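The values are calculated or read from the model by the stated rules, or taken from the named source; none is laboratory data. Treat the numbers as computed from the prediction; the structure is a model and nothing was measured. FYI the Cβ positions are ideal-geometry reconstructions off the backbone, even for glycines, and counts take in every protein chain you see.
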Amino acid sequence: MAYRLGVDVGGTFTDLMLAHDKTEEVFRVKTPSTPADPSEGVLIGVRRILKESGVSAAELDYVMHGTTVATNAVLEAKGARVGLITTKGFGQILHLARSQTPGPLAGWMIMIKPDPPAALEDTREADERMDAKGNVVDALNEKQVQALIEDLIESGVESLTVSLINSYANPAHERRIKELLTESHPDFPVTISSDVLPEFREYERTLTACMNSYVRPKVAGYIKNLESSLEDLGVSCPVNILRSDAGLMSLSLTQEKPVYGILSGPAGGVAGAIAVATRAGFDDILTFDMGGTSTDVALCENGRPTIARETELGHFRVKVPSVNVHSVGAGGGSIAHVPEITKALRVGPESAGADPGPACYGKGGDAPTVTDANVVVGHLPPSLIGGEMQLDVEAAKTAVAKIGEALGLDVHQAAQGILDIVNENMAGALRLVSVQKGYDPRDFALIAFGGAGPMHANAVAAIMGSFPVLVPPGPGLLCAEGDLVADFREEFAQTYIRTIDRAEAEEVVSTLRALGEDARGWLEREGIAADRQSVDYSVDMRYYRQGYEIPVTVSIEDLEKNGLELLAERFNEIHEQYYGYRMPAECEMVNLRAVGVGRVAHPQRPEAEQIGDADASAAIIDEHKVYFEGDWLPTQIYDRAKLQTGNKIEGPAVIAEYDSTTVVLDGYSAEVDQYLNILINPNRPNRPNS
Amino acid sequence: MKDVKIAQIPDIEVDPVTLDIIEGALKNARHEMDAVLFRTAMSPVIREQHDEFPMITDPLGRMVVGQFGSYISEMMETYPEPVEPGDVILTNDPYKCGGAISHVNDWLVLVPIFFEEELIGWSSMFGHMMDMGGPLPGSLPTGAKTIYGEAMRIPPVKIFRKGEPVNDVINMILNNVRLPDMNRADLMGIVAGCRTAEKRVHEICERFGKSTYLATCKALLDRTYKAMAQLILQNIPEEPQSFEDWVDDDGLGHGPYKMKLTIWREGNHAFFDWSGTDPQAMGPINFYLNEGMFKMFIGIYLIMVFDPQILFNDGFYPLLHVIIPDGSLLHPKFPAALGCRTHALTRLFDVLGGTLARKSPEHTTAAGYGTSPYMLYSGWDRNGDFYYLMEISYGGIPGRPIGDGMDGHSWWPLFENIPTEYLEAYYPVRIDSYTTITDSGGAGFHRGGNGIEKLYVFLEPGEISIHDDRWLTYPWGILGGLPGKRSEKILRRIDGTEERLPSKCDEVRVQAGDVLVYRTAGGGGWKDPLDRPVERVEADVDKGLVSREKAESDYGVLVGDATGTEKLRKAMRAKRGEVKDFDLGPPLEEILATCEAETSLQPPVAPEPLSWAPMETGEQALRRVREQDQREASEPA
C-alpha cells in the first residue's frame, strides 16, 4: 500500500500518473477522453496503468483526480434547474445582476445577457430580514417558507439555493430554511450562500451559491459513477478531487461544494508546472500553457501559486478561491484574418477547433491558423514524430498566403506576422499577471507546456525577458502530475468589517483561532496525520471603503506580539508593490480566514542515470530550413526521446516529441538537465525592459 | 503652453504587424488605467459604479485610444507655462477646457508624456467626485442659477511639478470639499492610472523606437479616418434629416427644453447641426457640449450600430462638422449653471439615434430611461458623524435590433449598482426592495427594458436630493414599438402621509422610518409588438416582467389561448393600421394638459429668454463653422 494515482481528464486526453511514495517508480498513461461519461475514460486508463505497472488496485493509497465536469456544465449551459429562495424584495437579484453593460459607450447595443443559473420563474422571496449587523429585522416566517419549498420542488427544480440579504453577518435564517427543507426532503440538494461564500456583496454570493447548485447534480452523478467503477476494479482507497485553488478535497465535500472545483483543470496544470520547476530549482515561475483554442498563464512565487478570490467562467464571475490563471482566447487553432474596413492583422478569437482544424491537417480546413503559420516558417516539421500524421505544407502556405495578399506581404512574412501578433498577445497576458501586479518578469522562469506552448515559449520569453524557458518532458499534459502533488486545502472565513483603529487585536485573534479550530477539525475528519497538518491565516484588507480587498497573510503569534498595526503595515507594503503608492487612509479588515492544509508526500522523480555529454548530435533526425527575420537558416531537427542529460543544442533548432514541438531560436541555446527538462537561455544575456 | 518641444510625427511607413502590436499594447495600457483606478479609488461612484474615463493621445492631443474625445490642444492653448516631465495638471472647470468635462464634479487629470526630451503625447483621465464643496453635498444643486452656485472651480493647475506634489494647491482644493480623504484617494488613483499609461508608452518607445511609435499613432488615426469615411458614405443621407426630443424641466419649473438635430452629408463629410435647439436654461441642466466630444459620440454610435470591430479614436474628426448655436442649451454662455447636465447628455443620444434612424431604421434602437438618475442622502448620524451617500440608478434599456432591452441595466458602459449589503453596512439606510417594475418597458417585437424600483428606508434624519428626468415626456418606441413608462418618486412618511416628489429636487428633509419609492423610466419598444412570438410574451408573464393585462392590451396575447390570441392580434392589426415610425406618446400639448392629473406635479412653464445670453441663430452658427473649416483647410497640417 504505497502508491498514489493522479488522474486528470482533459478535453482530448485523460492523463494518468502513478507514483510510489518512497521509491522513485513512476508510470504514465494517456488515453482518449470520453466526454459523454468521463468516468469511462478514467476507468480504461486506470485499468491500463495498473496492468502496465503491475501494481494492484489494493496497493493504491490515494487517488487524486482533476475533473472538468463542473466547468463543462457551466460552459455548455448543461447544469441543473436551480430554485432560489431569497429575501423579500430581492427576487430579481440575479436578473438585475450588477446592472452592468459592456464598454465602450453604447456597448449595450450589442450586449447579449446570459441566462442566470437560477431562472426568475424559479426564484421565490422569503418573509424575513436581517440587518447589516446581523440583527433580526423581520423574523423568518417558517410557514410561508415551507410553502415556497413545496412549491419550488413541485415545479420541478433539481437543486435549491438559499441566499438571503446580510446572511454573511448572521446565517441563522439561511440555516433554518435548510433545516426545514431537510426535514421534509432529506435528500434534496440544497446550498446556502453563507456556507459557500460567507462574504458580503449579495449578488456575488448568490451567484456563487447558485453556481454550486447548478453543477451539483452533474458532479454528484459523475462521482457516483466513478466511485462504483473504481470499486469494481478493487480500488478501496479515498478518492480526492482537485480544487480550483490547487488544493484537494474529499468526494463528500465535492458533492456538497462542487463550485470549489470549477477550475480544477487549469489548477492541475499550474500545480504540475510548479512541481516540475521546483524540482529543477526554479521557485519563481510564469506558467505558459498554450493549447488549441486558449492559453492559460499564471504567476507562482516561492513555489506556490497565487490564489485569486474570484474567477471568470463563461459570462460569470464566480467568487471561489482559484489559482490566479489568466486565460486568453488564442491558441494553435486561432484563425488569422484581415478585416476589410481596417486592414489590420487580427489573430482569433475564432478558432478552427479540432474539426476541420488548421489547413495543414488536410481535413478540409482552409482558414489560416497559428499552426499553419508555424508550418510555413518551419517551426513545425512536416512529419510529426511517430509518423502518425503528415502535415500538408502546401495547404498551410495557400491559407497563409491569403493573409499576405491582404497585407501586401509574401507568405513567409505573413506567417511571421501571425506569430509575432500571437506571441505579443501571450506576452500581454503574462504582463497582466506580472508587471501589473508589481512583479518583474525578468526574475521568473517560463514553464512551457500544452500542445503549442513549447513552440512559442522562446519567442514569448524574449519579449518578457523571462529565462530560462523550461520545457518538461511530455509537456502536452502536466495536470496529472499536478494532481499527484496537490495538498488538501479548505478555507474557513468570516466577514469582519472593521477599521484597524476600531478593532481589538484580541477579538481578531480569537476569531482567527476559532476559524483555525474549524480548519483543524476538518483536517482531522479528512484523516490527515497530525504532522502533515498546518493552518495558514489571512485577513482581506483594504483602505477604508475601497472596493477591492487584498489578502494579507499573518500568523497568530505575530499578531499577538505586534497587534493589528502589523496587518496595516503589511497591507501598505503590498499595496505599494501592486499600485506604486500607499495612502494615509485608515486600513480596514473585511474578511478573516483560516486555511487548513494537509500536506501530501511528493513523489520523487528519478534523475536520469546516464549523464551524457554536450554533444547532442546522436538525437538529430533531420535537417531543414527555418525562416528567421527574412533569412532561411539551416536547422537541425532533434528527437527528444534520444536526448540525454547534459546535451547542448544551439539555436535555431527544432526538438520534436510525441505530443509537442520545442523551438529554439537563433541566438539561444538549449540544455538538457538531470530530469530531462529542456532549459533555453539566450547566448548573450538580455534584459529587455518589460 | 510655451517652450515645449513637441515631437514631430515622422513620415515613415510602419509595417502592418508592428502597427497591430502597438495598437494592442495601447489598448492594454488603456484598460490598465481603469484597473489601477478601480482598485485604489475610495468613492463608490468611481469604485463600485465606475464613473470615469481614460485616454492616451498623440503629441497633438488627439486621442489614439480611449473612451472620450480629446480636448487637450484646446485646453493647453492658453496654458501659461511650459509643461515638464513629471508634471500633473488638474482642472474641473468646463469653461476652461471647452466643455471637455461638463460639470465641476468631474476632475480631469492630464499627464504629459515625454521621451528623449520631446512631448510625445498625453495620458488623461477624469472621474466623478462625490463632492466638490459648494452649498450642497454632491455639488449638484438642482436650484443653481449660475456655476458660482454649484461649487469651486479649479482652472488647469499643476498638482505635481517634475514628480513632486504641489501640496499648497492640493491642500487648498481639499480644504473646500466635504470628504477630503475620499477625493484625495480618488485623485491619486487617477494620477496613478495616468502614470501607468505614461510608463507603458515609454516601454513601447524603448522597444520599437520613438519614430515608429509616433508614426503608428498617426497610422492608427488614419485607419479610423478611412473606416469612418466609408460609414458616413453608407449611412448618412445627403438630404437633411431632423429629429427632436425634450428634456423635461430645468429644476426651477421651466420646460420642456427642445433638442433638435439635423444631419446631412456633403461628399464624404457629414454635418450635424443643433440649430432649433432651445436657448440655454436658467437651471443647471445646460450641457456644455465639446465639439470633439460630440464627434466621438457620433463615431461611437456609428461604429456600434454598424461595425463594432473598428478601433475608434480621433482620426475621423476632420470628416465631421458640428454646428452648435452659442447660447443654446448645448453651448451655454458663461456663467450658466451646468451641474445637472446628465439629462441633456443622455437625451443627445436619443436624438442622435432618432435622426440616424430616419435613414437606416433597422439598425437603430428606441429610447431608454434617458438620464443618470441620482439619489443623494446626507446628514449627521446619532454619533455626530457626517454621512453622505450618492447613488446612481439605472432603468430600462431600449429595445434593440439584437434583442430586448435589458431590465434595470446601465445605459452607461461598465457602471455597476451598489450592493445593498454595502449600502447597509456603511450608511444609515435599509433597502426594502430592489426590483424592476412590471410593464414599465415599452411593448415591441423586442421589448423595452423595465425601469427600476428601489425602496430606501432612511434610518437617520437627514436630507435627500433627487435628479431624474423622463417624468413628463416618454422614452419613445420605434417602428411600431410602444413608449416605456415614465419615472416617479414617492415619499411615504412615517406618519402615513405620502407625497409625490419632483423629478429634480434638493433639501428634502426626511425622518428615520420615512420610505422613498424611487422609480426610474422604462425603455421604448423596437418594432411591432403584435409580431412578437407568443411564447416570448408568455415567458415574460411567467417571469413577472409583463402582466397578463399588458400581454393582452399591447401584445394581443391571451396567455394560454392560441386561437384567441390569433383572433385578437388580427383585430388589433386591422384597427391600428400602419405602425408609426416613432411613438413618443401623446402630443406634447396633451402631456402638459394632463400633467397635474397624471403626476400630481405642476407642469413646467415656458422660460423667459435670458437677457444676458442671447442665442446665435442657426445661420450664424453654420456660417461660423464653414469659415473655420475653410481656415483650417488652408493651413498646412
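Given the criterion more than 21 Å from the chain's Cα centre (by Cα), more than 14 Å from chain A (Cβ to nearest Cβ), buried (at least 17 other Cβ atoms within 10 Å of the Cβ) and of a type in the set (A, V, I, L, M, F, W, C), identify the matching residue among B:Val166, B:Val177. Walk me through it before giving the result.
Numbers: B:Val166 fails: buried (at least 17 other Cβ atoms within 10 Å of the Cβ).
Step by step, each of B:Val166, B:Val177 is checked, and only B:Val177 is more than 21 Å from the chain's Cα centre (by Cα), more than 14 Å from chain A (Cβ to nearest Cβ), buried (at least 17 other Cβ atoms within 10 Å of the Cβ) and of a type in the set (A, V, I, L, M, F, W, C).
Filter region B:145-177 for residues that are charged (D, E, K, R) and under 21 Å from B:Thr196 (Cα atoms) and give the result.
To start, the set of residues in region B:145-177 that are charged (D, E, K, R) comprises B:145, B:150, B:153, B:158, B:161-162, B:164, B:168.
Correct list: B:Lys158, B:Arg161, B:Lys162, B:Glu164.
Evaluate region B:420-441: report whether one residue or more is touching a Gly at 6+ places or on another chain (Cβ under 7 Å), among the aromatic types (Phe, Trp, Tyr) and either assigned to a strand (DSSP E or B) or facing chain A (nearest Cβ under 7 Å) (or both). Step through it out loud before you land on a result.
Of all residues in region B:420-441, those touching a Gly at 6+ places or on another chain (Cβ under 7 Å) come to B:432-438, B:440-441.
Next, from what is left, pick out any that are among the aromatic types (Phe, Trp, Tyr): B:434.
Okay, now just the ones that are also either assigned to a strand (DSSP E or B) or facing chain A (nearest Cβ under 7 Å) (or both), so B:434.
Yes, the conditions are met somewhere in region B:420-441.
Mind counting the residues in region B:388-404 that are within 12 Å of chain A (Cβ to nearest Cβ) and in contact with a helix residue (DSSP H, G or I) (Cβ under 8 Å, 6 or more places away or on another chain)?
Result for region B:388-404: 7.
When the residues of region A:75-106 are narrowed to those that are in contact with a Pro (Cβ under 8 Å, 6 or more places away or on another chain) and of a type in the set (Val, Ile, Thr), which ends up farthest from A:Tyr222 (Cα to Cα)?
My answer is A:Thr101.
How many residues are within 7 Å of another protein chain (Cβ to nearest Cβ) and of a type in the set (Val, Ile, Thr) when one looks only at region A:121-138? Steps first, please.
Taking region A:121-138 and keeping what is within 7 Å of another protein chain (Cβ to nearest Cβ), we get A:121, A:131-132.
Add one more test, that the residue is of a type in the set (Val, Ile, Thr), and what stays is none.
Total meeting the criteria: 0.
Quick check, is B:Leu530 within 30 Å of B:Ile464 (Cβ to Cβ) and not basic (Lys, Arg)? Can you show your working first?
Details: within 30 Å of B:Ile464 (Cβ to Cβ): no; not basic (Lys, Arg): yes.
No, not satisfied.
For region B:530-588, which positions are within 14 Å of chain A (Cβ to nearest Cβ), of a type in the set (A, V, I, L, M) and surrounded by fewer than 19 Cβ atoms within 10 Å (Cβ to Cβ)?
Matches in region B:530-588: B:Ala539, B:Val559.
Within region A:286-305, does at least one residue satisfy the condition of being in contact (Cβ under 8 Å) with a residue 12 or more places away in the chain, farther than 29 Å from A:Phe200 by Cα, surrounded by fewer than 21 Cβ atoms within 10 Å (Cβ to Cβ) and within 14 Å of chain B (Cβ to nearest Cβ)?
Looking for residues that are in contact (Cβ under 8 Å) with a residue 12 or more places away in the chain, farther than 29 Å from A:Phe200 by Cα, surrounded by fewer than 21 Cβ atoms within 10 Å (Cβ to Cβ) and within 14 Å of chain B (Cβ to nearest Cβ), one finds none in region A:286-305, hence no.
Name every residue in region A:392-414 that is in contact with a strand residue (DSSP E or B) (Cβ under 7 Å, 6 or more places away or on another chain) and either at pLDDT below 90 or surrounded by 22 or more Cβ atoms within 10 Å (Cβ to Cβ) (or both), in order of residue number.
Start the filter on region A:392-414 by keeping residues that are in contact with a strand residue (DSSP E or B) (Cβ under 7 Å, 6 or more places away or on another chain), which leaves A:403, A:412.
Across region A:392-414, the qualifying residue is only A:Ile403.
Could you run through region B:55-73 and say how many residues are in contact with a Cys (Cβ under 7 Å, 6 or more places away or on another chain) and either at pLDDT 80 or above or in a strand (DSSP E or B) (or both)?
Our first condition is that a residue be in contact with a Cys (Cβ under 7 Å, 6 or more places away or on another chain); within region B:55-73, this holds for B:58, B:64, B:71.
The next check asks that each one be either at pLDDT 80 or above or in a strand (DSSP E or B) (or both); those that pass are B:58, B:64.
Residues that pass the stated criteria total 2.
From the list A:Tyr543, A:Tyr537, pick out the single residue that is at pLDDT 90 or above and either within 14 Å of chain B (Cβ to nearest Cβ) or within 21 Å of A:Val323 (Cβ to Cβ) (or both). Steps first, please.
Numbers: A:Tyr543 fails: at pLDDT 90 or above.
Residue meeting the stated conditions: A:Tyr537.
Pick from region A:79-120 the residues that are within 25 Å of A:Arg175 (Cβ to Cβ) and among the basic types (Lys, Arg): which of them is nearest to the other protein chains (Cβ to nearest Cβ)?
A:Lys88
When only residues in region B:353-376 that are in contact with a Phe, Trp or Tyr (Cβ under 6 Å, 6 or more places away or on another chain) and at pLDDT below 95 count, which is surrounded by the most Cβ atoms within 10 Å (Cβ to Cβ)?
B:Gly354
Restricted to region A:417-435, and to residues that are without any contact (Cβ under 8 Å) to a residue 40 or more places away in the chain and at the interface with chain B (Cβ under 8 Å from one of its Cβ atoms), which residue is farthest from A:Gly404 (Cα to Cα)?
Among those residues, the one meeting the criterion is A:Glu424.
Restricting to region B:101-125, name every residue that is closer than 14 Å to B:Arg341 by Cβ and buried (at least 24 other Cβ atoms within 10 Å of the Cβ). Even if it seems obvious, please write down each step before you answer.
Within region B:101-125, the first condition is being closer than 14 Å to B:Arg341 by Cβ, and the residues that meet it are B:101-106.
Listed by number, the residues that qualify are B:Ile101, B:His103, B:Val104, B:Asn105.
Considering only region A:305-357, give the strands (runs of 3 or more DSSP E) lying wholly within it that have at least 2 residues that are small (Gly, Ala, Ser). Talk me through it step by step, then tell me what you get.
Numbers: elements: A:311-313, A:316-318, A:325-328, A:334-337, A:346-351.
Qualifying strands (runs of 3 or more DSSP E): A:334-337, A:346-351.
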